[in-house]
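Chemist: Okay, handing you the structure first.
The values are calculated or read from the model by the stated rules, or taken from the named source; none is laboratory data. What you see is a predicted model; the values in this text were computed from it and never measured. So basically every Cβ, Gly included, is an ideal-geometry build from the backbone, and we count neighbours across all protein chains shown. SASA here: full protein model, heavy atoms, side chains in, ligands and nucleic acids out. Shrake-Rupley method; radii C 1.70, N 1.55, O 1.52, S 1.80 Å.
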Amino acid sequence: MAVTWSPTRVRSAGATGSADLAASAGAAGVAGAAGVADVAGAAGRLGPVLRVHRRFRPLSWPARVWLHACGVAVSVVVCLALGEWWPAPVLAAAAVVAVSGYERLRPTPGLRSVRVHEGGLVLVSAGGGEEPLPWRAMEATEYSPGGPHGEYEHGRIWPAGADEPLVLAHLGGLGRLFRELEERLSPRLRAALHETLRAEGSVRFVRGRLTVTAGGLVHRPPHPLAATEAYRWPEVHSARASALGELEVRTHSAGLPLTFPVPNARAAAGFLEDLRTASTG
């Protein structure tokens with residue numbers, strides 16, 4: 001029977017799941033008044049601070065356009081007054097930097113920042129409360145870089161024992177933060193995938209669109225009329241995590257790579273590469 005790979009599979013595969021980890025990684029937010037001392041002690045046990053990712057409040061799209069238009073108007077006025085056009089690019093760049101800096105200085109409710117320690121993360125609320133989240137208490141992560149139509153970048157973290165993921169957005173250096181998270185989680189998640197395959201015989205990704213077995217891959221295209229494709233491991237050329245955080249599988253017969261939006265694509269790609277190398281080597 002195929003088993004769908006999801007963050008909860010890590011827990012059932014035995015990679016995480018102690019009660020104290022689940023308690024320390026509860027929903028994102030603020031430490032309660034009764035447990036402030038315990039939380040502060042837990043944060044201290046995570047070791048030195050490596051960096052801080054501060055949250056900002058982004059401007060709406062109309063406000064951003066209006067401010068940029070004002071910057072262009074000021075640039076034109078200055079250039080006409082000087083009788084030269086060379087200052088226009090410099091002033092336009094300064095306007096873009098000023099708008100970006102203003103966004104990061106605006107006060108924002110809720111989460112204030114995320115501190116990266118040697119032993120995990122600490123979520124700092126606007127009121128100063130802190131919620132520690134050790135590396136071992138995270139089951140999976142997923143990062144979205146946003147898009148050209150106003151979608152903001154965001155990421156999700158599944159803490160052990162939590163029903164819902166933590167959603168982080170509008171943080172400076174968010175992409176770097178989630179790249180580091182994936183690097184730290186990948187070895188454990190890859191081991192959990194191997195354990196799931198040994199125990200269940202197969203692993204399914206993306207609601208069954210990709211099924212992984214010891215003998216190869218089965219790809220079910222999203223279109224209901226498209227034929228299911230099967231590839232034995234010698235037919236698979238490579239598997240990797242794309243720049244968009246998707247699992248990208250290349251085969252010798254297909255011209256375009258197969259792409260799948262899965263949590264922790266780096267771990268999934270490493271898992272597929274392990275099986276491909278073992279079967280062909």
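Chemist: Quick check: with the 1.4 Å probe, what order do 204, 184 take by accessible area, largest first? Display every interim value, and only then the final one.
Modeler: Numbers: 204 80, 184 100 Å².
Largest to smallest exposure gives the sequence 184, 204.
Chemist: List, in order, the whole-Hz ³J(HN,Hα) value for each residue of the stretch 211-225 obtained from phi through the Karplus relation with A = 6.51, B = -1.76, C = 1.60 and θ = phi - 60°; use x for Gly and Pro.
Modeler: 10, 10, 10, 5, x, x, 10, 10, 10, 10, x, x, 6, x, 8
Chemist: Also: Evaluate 2.2 N^0.38 Å with N set to the residue count of the stretch 124-234, then give the Cα radius of gyration divided by it.
Modeler: Values: Rg = 17.9 Å, N = 111, 2.2 N^0.38 = 13.2 Å.
Output field value: 1.36.
Chemist: Let a ≥ b ≥ c be the square roots of the eigenvalues of the Cα gyration tensor of the stretch 201-280; is it rounded (a/c under 1.5), or, if not, prolate (a/b larger than b/c) or oblate? Please report the intermediate quantities before stating the final value.
Modeler: Numbers: a/c = 1.32, a/b = 1.08, b/c = 1.22.
Here the stretch 201-280 falls in the rounded category.
Chemist: Top to bottom by accessible area (1.4 Å), largest first, where do 212, 90, 52 land? Don't jump to the answer; show the numbers that get you there.
Modeler: On the way: 212 0, 90 95, 52 60 Å².
Sorted by accessible area, descending: 90, 52, 212.
Chemist: I'd like the accessible area for residue 236: 1.4 Å probe, protein heavy atoms, all chains in place, Å² to the nearest 10.
Modeler: Near enough 10 Å² of accessible area.
Chemist: Now, a different point. Filter the chymotrypsin sites (Phe, Trp or Tyr not before Pro) in the stretch 109-195 to those in DSSP coil with at most 15 other Cβ atoms within 10 Å of their Cβ, and list the result.
Modeler: Here the chymotrypsin sites (Phe, Trp or Tyr not before Pro) that fit, given the DSSP loop and packing criteria, are 152.
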